[in-house]
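Single-structure report; data block below.
The values are calculated or read from the model by the stated rules, or taken from the named source; none is laboratory data. Keep in mind it's a predicted model, so treat the numbers as computed, not measured. Cβ placement follows ideal geometry from the backbone for every residue including glycine, while neighbour counts extend to all protein chains displayed. Just so you know, the surface numbers come from the protein's heavy atoms only, side chains and all, with ligands and any DNA or RNA stripped out. Shrake-Rupley method; radii C 1.70, N 1.55, O 1.52, S 1.80 Å.
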Amino acid sequence: MAAERFYYTTPLYYLNAKPHIGHAYCTVLVDAMTRFRRLFGDEVHFLTGTDEHGQKVQKAADQRGLTPQQHVDELHAAFRDLWPDLHVHYDDFIRTTEPRHVRAVQTLLQRLHDQGDIYVQDYAGWYSTAAERFWAEDDLVDGKCPDTGLEVQYITERNYFFRMSKYGAALRAHIVANPGFIRPANRANEVLGFLDKGLQDLCISRPKERLSWGIPIPFDEDYVTYVWFDALTNYIAALGWPDDPEFPKWWPHAHHFIGKDILTTHSVYWTTMLMAAGVALPQSITATGWWLSGDRKMSKSLGNVVDPLGMKDVYGPEVLRYFLLRDMVVGLDSNFTEEALVRRNNSDLANDLGNLARRAAGLVGRYFGGRVPEGGAPTPDEEEIIAEARTLHGRVQDLVAELQLHTAIEETMQLVRRLNKYMTDTAPFKTIKTHPAAAARSLYTVLEGLRHAACLLGPVMPEKMAELTDALGAAPTTNIHDLRWGGLVPGSVLKMEEALFPRRDLPVTEAPAPAPAKPPKGAGDGAKAQAAPASSPEGVIAFDDFMKVVLRVATVREAERVSGSDKLLRLQVDLGEERRQVVAGIGKQFAPEDLVGRQVVMVANLAPRKIFKLESQGMILAVDTPDGGLALLQPTREVPPGAQAH
Ligand code: ME8
């Protein structure tokens, strides 16, 4: 495939507090995407940075008794210095206080003003200091700001407005004509819904008397620029817009990665700004979900933020990266717990991957002088593994292109598990006595399979996988097209010394709460509800553990049988904000047509798993009936889809 070009961006993080796991996630995701693309032979430019103007930053500086400039100079380093610690390598870091950014914003403002797309007007409305914006009377909820729930003030002010409404129809047409433009697809519908309410013009100035910390409006010295108009422009400013000859090299290939809370600003404000400026729209805007803590978004204001640096220091940055990318489906929410991270480390990394490498290396050390043995002609079993590895290369490329990183990782881990089984089945530690050539071949297959896995997991855990490749006595593979079976050279010296991923103890949880409840049997997901951690012999769990389970009411929208199984049904369920696919083992008791329209209760924050090659994104709750049937749990009356049980 011909090499493609990608310009990947993260949001610019506000400097109103220190970085947290939400920021780390988006940046690690873009870093992994960058590394995957480079592995596939593509060219990538990766931009991140900090959003340094506006009321929130000014307030944070005031609270610390510093000038805004002192505050941002100090705090931006917390972000800039965190990324290398998480093994993130960006190509450029932009601060919105840099001259190159200020120049681009002012050029854009002047251009839009000159062409009549910015006008001045008196405006009266409800202003929310917390959200830094005006609201119409109808938008208010109980007289308060709909975003923050905080007080609003009615004020009249002269301001500058961008004629955003003029571009609404063209934006709508663009979204409809380009299905991959806003990802995931359900988010595109959200934006279309927003546009259908009628697009207003956008207030893009703030009087200096109210807010001085911003980029001066070039045609009126009494005003500074609205922080979003300022910040969004970074994506072209960093490439030297408007006059840098390098700008066209990257811009038409732009892909923005953002959190779902800032979708409107990117897909509506930013796109219409670009249309007005005569600059092409980005290729895609991807809205990720949130990391939740006890079902609430981790946020600086809620104070429930997990410190990613803390996790990195305890478990290592690459275990954290693995967890973030494996346990979050791009676009959906996920619960962050230290316990889930430790379980993931122990099962996937320490057990499946690390142990296999140690076992194989140990035998090679004992029987082959620590050198990679000869492979020889493959048996049918090995032919199958070789074919699987080959297919996996293409699968990983397709899955990454679809942003299914969690599945790309999972399918690579399936190869690792296959190698574990193969090692047990072929038992080289036994055959070494009777068939040394067969033992040599088994060990070669395991080591070569591990080399492939290390290459495909490299973008997720760059240093650990480089270490593993080196320990296998192999050279790093920089392009996936050069990764061929048989590349591991017999005779190379293994350098496997320490365990790559030590097993970890589960973090200590609080004392168990009384009154244990027997958990209902899980009907979906083809699996039972996960056993409670063995915190006490009676299976009692702490209240906090229970709170980690998110139970939601879902409405079944579609149901069909999974071909090849009489037990499994594939359901599309509606959770209000999102649709999910659930594979449920209830096909013997229920006909698909009986389920459509029904409300069920599901565990909404289970890590997705594959059943019959289909991803199941949740588990539906049911109980056994005395006649050997199943009864589904459901609310006593209809509730909005997505409603959470508590
Ligand atoms: O919004 N889980 O900055 P920001 C996942 N400056 N992602 C999370 C998260 C969580 N718990 N909490 C925050 C801004 N994020 C603007 C952007 S771009 C030109 C300007 C994500 O520091 C959040 O969704 O408040 C957002 O996308 C990003 O972190 C930056 O948040």
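Based on the inverse mean of 1/r over its pairs of different Cα atoms, what is the Kirkwood hydrodynamic radius of segment 5-310, in Å?
One decimal place: 20.1 Å for the Kirkwood radius.
Filter LYS18/LYS297; LYS18/LYS464; LYS18/LYS144; LYS144/LYS197; LYS464/LYS613 down to the pairs with a C-alpha to C-alpha distance above 24 Å, please.
Checking Cα-Cα distances, LYS18/LYS464; LYS18/LYS144; LYS464/LYS613 exceed 24 Å.
Just by accessible area at a 1.4 angstrom probe, what is the order of ARG111, ARG344 from largest to smallest?
In descending accessible area the options line up as ARG111, ARG344.
With unit charges on the beta carbon (Lys/Arg positive, Asp/Glu negative), name the residue among ALA466, TRP213, GLY49 whose Cα is farthest towards the positive pole of the charge dipole of the chain.
It is ALA466, whose Cα lies furthest towards the positive end.
Specify which residue in the list TYR422, PRO179, LEU325 is farthest towards the positive end of the charge dipole of the chain, using unit charges on the beta carbon of Lys, Arg (+1) and Asp, Glu (-1), about the Cα centre.
TYR422
With bins 10 Å wide starting at 0, give me the P(r) of segment 19-163 over every alpha carbon pair, in whole percents.
9, 24, 31, 26, 9, 1
Count the DSSP beta bridges whose two residues both fall in the chain, then state the antiparallel fraction as a percent rounded to the nearest 5.
Restricted to the chain, the bridges split so that about 70 percent are antiparallel.
Run through segment 447-500 and list the GluC sites (Glu not before Pro) located in a DSSP loop whose Cβ has at most 13 other Cβ atoms within 10 Å.
Those satisfying the criteria are GLU497, GLU498.
Which whole-number percent gives the relative contact order of the chain, counting Cα pairs below 8 Å spaced six or more residues apart?
After rounding, I find 11 percent.
Send over a whole-number figure in Å² for the accessible area per residue of segment 386-436, probe 1.4 Å.
Normalised by residue count, the accessible surface of segment 386-436 is 45 Å².
Calculate the dipole size of segment 543-632 relative to its Cα centre from +1 charges on Lys and Arg beta carbons and -1 charges on Asp and Glu beta carbons; express the result in debye to the nearest 20. Walk me through the numbers before you get to the answer.
Values: 13 positive and 13 negative charges, 62 e Å.
The calculated dipole for segment 543-632 is roughly 300 debye.
Measuring with a 1.4 Å probe in the full set of protein chains, what accessible area per residue, in whole Å², belongs to segment 5-310? Please list the in-between numbers first.
Working: 12010 Å² over 306 residues.
With all protein chains present, segment 5-310 gives 39 Å² per residue.
Among the lysines, which have Cα under 17 Å from the Cα of LYS208 when same-chain residues fewer than 8 positions away are ignored?
LYS56, LYS59
Roughly how many debye, to the nearest 20, is the charge dipole of segment 93-138 about its Cα centre, given +1 on each Lys and Arg Cβ, -1 on each Asp and Glu Cβ, and no other charges?
Working: 5 positive and 7 negative charges, 89 e Å.
It works out to roughly 420 debye.
Can you give me the relative contact order of segment 543-632 as a percent, contacts being Cα pairs under 8 Å and 6 or more apart?
On the way: 177 pairs, mean separation 24.4, N = 90.
Reported relative contact order: 27 percent.
For LYS166, which aspartates and glutamates qualify as cross-link partners when the Cα separation must be under 15 Å and same-chain residues fewer than eight apart are set aside?
Counting by Cα, and skipping residues close in sequence, LYS166 has these aspartates and glutamates nearby: ASP117, ASP196, ASP201.
How big is the charge dipole of the chain about its Cα centre, in debye rounded to the nearest 20, if each Lys and Arg gets +1 on its Cβ and each Asp and Glu gets -1 on its Cβ?
Values: 70 positive and 83 negative charges, 346 e Å.
Dipole size: approximately 1660 debye.
Please list the radius of gyration and Dmax for the chain, considering alpha-carbon atoms only, with Å as the unit.
Rg and Dmax of the chain, Cα atoms, are 27.3, 92 Å.
Pull up the cross-link candidates among the lysines for LYS430, meaning alpha carbon to alpha carbon under 29 Å and not fewer than 8 places away within one chain.
LYS421, LYS495
Can you pull out the GluC sites (Glu not before Pro) in segment 93-177 whose DSSP state is coil and whose Cβ has at most 13 other Cβ atoms within 10 Å?
Passing both the DSSP loop test and the Cβ count: GLU151.
Checking a compactness column here: for segment 161-266, what do you get for Rg(Cα) / (2.2 N^0.38 Å), N being the number of residues?
Relative to the 2.2 N^0.38 Å estimate, segment 161-266 comes out at 1.23.
Using +1 at the Cβ of each Lys and Arg and -1 at the Cβ of each Asp and Glu in the chain, identify which of ALA17, LEU488, PHE368 lies farthest towards the dipole's positive end.
Selected residue: PHE368.
Ignoring ligands, DNA and RNA, please state the percent of accessible area on the chain from carbon and sulfur, probe 1.4 Å.
With neighbouring chains kept in place, the figure for the chain is 51 percent.
Just need the relative contact order of segment 337-482 here, percent rounded to a whole number, with Cα pairs under 8 Å and 6+ apart.
Values: 113 pairs, mean separation 36.8, N = 146.
In percent, rounded to a whole number, it is 25.
Find the accessible area per residue for segment 543-632; the probe is 1.4 Å, ligands and nucleic acids are left out, and the unit is Å².
Here the residues of segment 543-632 average 46 Å² of exposed surface.
Could you state the principal axis extents of the C-alpha atoms in segment 337-482, from the largest down, to the nearest angstrom?
So the three principal-axis extents are 47, 34, 26 Å.
Sequence-distant or interchain residues sharing an amide H contact under 5 Å with LYS208, placed H: which?
TYR223, VAL224
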